[in-house]
Amino acid sequence: QVQLVESGGGLVQPGGSLRLSCSVFGSTDSIHVMGWYRQAPGNQRELVASISYDGTTNYADSVKGRFTISRDNAKNPVFLYLQMNSLKPEDTAVYFCNVGELYGRGIRDFWGQGTQVTVSS
């Protein structure tokens, strides 16, 4: 099992930048995919960006060209990052780190506690 701890959220003005970090503690040998999700009030949780075991990245259309997901497997704990540039008020949400771990014939998910990102002038 893994444990996830996010940091880096906060208040930023439109057009500004933030970098979210997620520390991944525990056994990481079976991790298949890592990602960032977000949930705004009244909305469902949505995928923002993901990076698979082979480095393939995937982004929501709304963040393409503005956000960049990356990971650092060389560190212990492993780190997952989300660099967010040109932030917009509609990016305001609680952002969650997610890890999908191979488990039997499926994948089981682990979630961080979430970090608030508020984009406002």
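The values are calculated or read from the model by the stated rules, or taken from the named source; none is laboratory data. Every value quoted in this text rests on a predicted model; they were computed, and no experiment measured them. Here the Cβ is made from the backbone with ideal geometry for all residues, glycine too, and neighbour counts use every protein chain on show. For accessibility, only protein heavy atoms count, side chains too; no ligands or nucleic acids. Shrake-Rupley method; radii C 1.70, N 1.55, O 1.52, S 1.80 Å.
Details
- Shown here for region 1-78: trypsin sites (Lys or Arg not before Pro) in loop regions (DSSP other than H, G, I, E, B) with at most 13 other Cβ atoms within 10 Å, namely Lys64, Lys75.
- With a simple spin-label model that places each label point 7 Å from the Cα along the Cα-to-Cβ direction, the separation between Gln113 and Leu47 comes to 2.8 nm.
- Ile107 sits with roughly 90 Å² accessible to a 1.4 Å probe, with DNA, RNA and ligands left out of the calculation.
- Computed extension gain for Ser30 through Leu102, at 0.36 nm per residue and net of the alpha carbon distance, reaches 25.4 nm.
- Our compactness index for region 7-121, the C-alpha radius of gyration over the empirical 2.2 N^0.38 Å, is 1.04.
- Over region 24-121, accessible surface divided per residue gives 54 Å², non-protein components excluded, 1.4 Å probe.
- Surface composition of the chain: carbon plus sulfur atoms contribute 45% of the solvent-accessible area (1.4 Å probe, protein chains only, all chains present).
- The chain - percent relative contact order, Cα under 8 Å, separation 6 or more: 36
- Under conditions of 4 °C and 1.567 mPa s, region 6-60 yields 97 µm² s⁻¹ as its translational diffusion coefficient, taking Rh as the Kirkwood radius over Cα pairs in the Stokes-Einstein equation.
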